[in-house]
1. Rounded, prolate or oblate: pick one for region 100-192, where a ≥ b ≥ c are the square roots of the eigenvalues of its C-alpha gyration tensor, a/c under 1.5 means rounded, and failing that, prolate if a/b is larger than b/c, else oblate.
2. For A165 and E42 in the same chain, what is the full-extension length gain: residue separation times 0.36 nm, less their Cα-Cα distance, in nm?
3. Fewest Cβ neighbours within 10 Å first, please rank I46, I98 accordingly.
4. Rounded, prolate or oblate: pick one for region 49-102, where a ≥ b ≥ c are the square roots of the eigenvalues of its C-alpha gyration tensor, a/c under 1.5 means rounded, and failing that, prolate if a/b is larger than b/c, else oblate.
5. Can you bin region 36-192 into rounded, prolate or oblate? Criterion: square roots of the alpha carbon gyration tensor eigenvalues sorted a ≥ b ≥ c, rounded for a/c under 1.5, prolate for a/b above b/c, oblate for the rest.
6. Loop-only check: which trypsin sites (Lys or Arg not before Pro) in region 82-188 are DSSP coil with at most 12 other Cβ within 10 angstrom?
7. Can you put S43, S174 in order of Cβ neighbours within 10 angstrom, beginning with the fewest?
Amino acid sequence: MASTRFLASGLPVALALFLACFVSETPATLTLPKTLDDLVRESDLIFVGTVEEVRSQWADREKQSVETIVSFRVLTALRGAGGETVALRFAGGEVEGIREVVAGVPEFERGQRYVVFARATRAVSPLVGFDQGCLRVVGSEGELYVTDLAGRKLRIADGRLVPTATGDATEALSLEGLLSAVRSRLSEGPRP
């Protein structure tokens, strides 16, 4: 009787432990979806820039955490990015063979162009909505469009930046289309 009772009550626990051994760890940062209005309203800095430098360093004297400074050459400033360059600080990076990864914090590529929606405060990530506040600019001059960091072409639907249904470039949001939509929202007046 005792063995039957264990089987009935212990089996679910044993099964859960067994499955936990085979489930891969998936880092995640839960963020609420942002509309384009949210991205604009919550940003202190909005700009199009090319990454000039990505440099990781210790964030503290005790060498307990790593941070990465990403320097952008500003190509188009829409809000708050008045200088030629902007440097943003992100948690994570690699120093002295120690790699610290923070879910939701993108890895930037030197020479890549981005549209950035950021806060001027110090945080794990200055981007509004983590990776939602960073769009990749792709294509050739005259045919530039924006993608999310996964490389999916975007469009504006119901006020949100969403992947195109077909991935077709004719449906994709051009860089100029995005900048026009952002400028329109900025002209509506000061942030609440």
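Please treat every number below as a calculation from the coordinates, not as lab data. As the structure is a prediction and not an experimental result, all values here were calculated from the model. Cβ: placed from backbone, ideal geometry, glycine included. Neighbour counts: every protein chain shown.
1. Because a/c hits 1.5 or more and a/b fails to exceed b/c, region 100-192 counts as oblate.
2. 41.5 nm
3. I98, I46
4. prolate
5. Taking the square roots of the gyration eigenvalues as a ≥ b ≥ c, region 36-192 is prolate.
6. R110, R122
7. Going from sparsest to densest Cβ surroundings: S174, S43.
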